[in-house]
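Here's the structure we're looking at; comments come further down.
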Amino acid sequence: MPELPEVETFRRNLSQGNNGSPSVIGKVIHNADVLWNGVLEMPSVDEFLHRVPGQTVVGVGRRGKYLLLHLSQDTLILHPRMSGEVILEKQEKELGKHYRLILNFQDGTRFAFNNVRKFGRVWLTETLDDVLSELGPEPLSDDFTPEQLFDILQTCHRQMKYVLLDQHMIAGLGNIYTDEALYLANIHPRTKSDSLSFSEVETLWKSIRKVLNQGIENQGTSIDWIYKGGDYQRLLQVYKQDGDPCPRCGTTIKKTTIAQRSTHYCPSCQPAPN
DNA sequence: ACGAGCGCCTGTCGGC
DNA sequence: TGCCGACAGGCGCTCG
């Protein structure tokens, strides 16, 4: 599930609270539970359980698809991968079947990491670089410019679908927003990255920011049972729209496989490279 | 350097 | 109705 807009939605809900649920900021951790040991990348479960009690949540951040729970001493870094979500609720609620890690706060609420498939991971560290140093630039930051994107695309000779999914190149795009951004920019997903002109890259830069911003405005995309609460699925132009007419030209949207991922595009608006 | 294949997991959906 | 395979928002690894 979660790509940048969904993780940003988690971040905002935790940070600002949402429909009745309060902000997590200021809460003091009473204790923690690791319900499936594989979820914790670092440190050891024992050390984790000893280190978090007493720490206060001082902020909630995001880097790419990683959610950052800033504590008074450490940062809890969480990657939801395909099916993870975070929940803030009262401790008297029954534990979810797929909860992998929880933080119990002194005020009777808890933070839960729910993860149906066990792909998601959690780190606790004082040094964010331990986990995040290899990530590419943050696509919505002011520092991210068309020039920078152009430079990144020039460093390799790979198909655009691969490049946009590669978190070392740009952090935060997943399968849905990659297809949508390439469609908006009229770029075929097999186009080689270093073959794009600067003006094509400029259009792509705008497209990436547009789909991510629209995704955030709509609280992400809900296309199946895993993630609910988003509305962006109503605005999807190509993702899962194969067989339907292209909103721009009426050509039938096609589906293929690139980078072992389902890939959707308009064969007419996004002409195949030579 | 690039990309295919696979493994990690659990649940849902469609076809038979 | 039930079984079985395909598929799913991600990513790291090996191999050619």
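A Förster distance of 45 Å, applied to the separation of the beta-carbon atoms of A:Arg248 and A:Asp46, puts the FRET efficiency at 0.20. Shape analysis of chain A yields a ratio of the Cα radius of gyration to the Kirkwood radius, Rg/Rh, of 1.01. Given in Å, the Rg to one decimal and the Dmax to the nearest whole number for the Cα atoms of segment A:48-120 are 12.2, 33. On a per residue basis, the convex hull of the C-alpha atoms belonging to segment A:221-274 measures out at 91 Å³. A Gaussian network model of chain A, with springs between Cα atoms under 10 Å, assigns the largest mean-square fluctuation among A:Gly136, A:Gly220, A:Gly243 to A:Gly243. Sorting A:His30, A:His168 by the number of Cβ atoms found within 10 Å of their own Cβ, with the fewest placed first, yields A:His168, A:His30.
Our summary of shape: the Cα atoms of segment A:1-104 have principal axis extents of 33, 29, 28 Å, ordered from largest down, in whole angstrom.
When A:His157, A:His264, A:His188 are arranged by Cβ crowding within 10 Å, least crowded first, meaning fewest neighbours, the order is A:His157, A:His188, A:His264. Note on segment A:98-164: Rg/Rh from C-alpha atoms, Kirkwood Rh, equals 1.14. Were the residues from A:Lys206 through A:Leu235 laid out at 0.36 nm apart, the gain over their Cα-Cα distance would be 8.7 nm.
Over segment A:137-201, the pair-distance histogram of Cα-Cα distances with 10 Å bins from zero comes to 22, 63, 15 percent, rounded to whole numbers. For segment A:87-211, the C-alpha radius of gyration divided by 2.2 N^0.38 Å, with N the number of residues, is 1.39.
Relative intensity of segment A:176-274 on a log10 scale, I(q)/I(0) at q = 0.14, 0.21, 0.23 Å⁻¹, equals -0.52, -1.13, -1.28, per a Debye sum over C-alpha point scatterers of equal strength in the absence of solvent.
Would you mind ranking A:Lys228, A:Lys240, A:Lys65 so that the residue whose beta carbon has the fewest other beta carbons within 10 Å leads the list?
Ordered by Cβ neighbours within 10 Å, fewest first: A:Lys228, A:Lys240, A:Lys65.
Read the figures in this text as sums done on the coordinates, not as results from a lab. Here the structure is a predicted model, which is why all the values come from computation and not from measurement. Please note: Cβ atoms are built from the backbone with ideal geometry, for glycine as well, and neighbour counts cover all protein chains shown.
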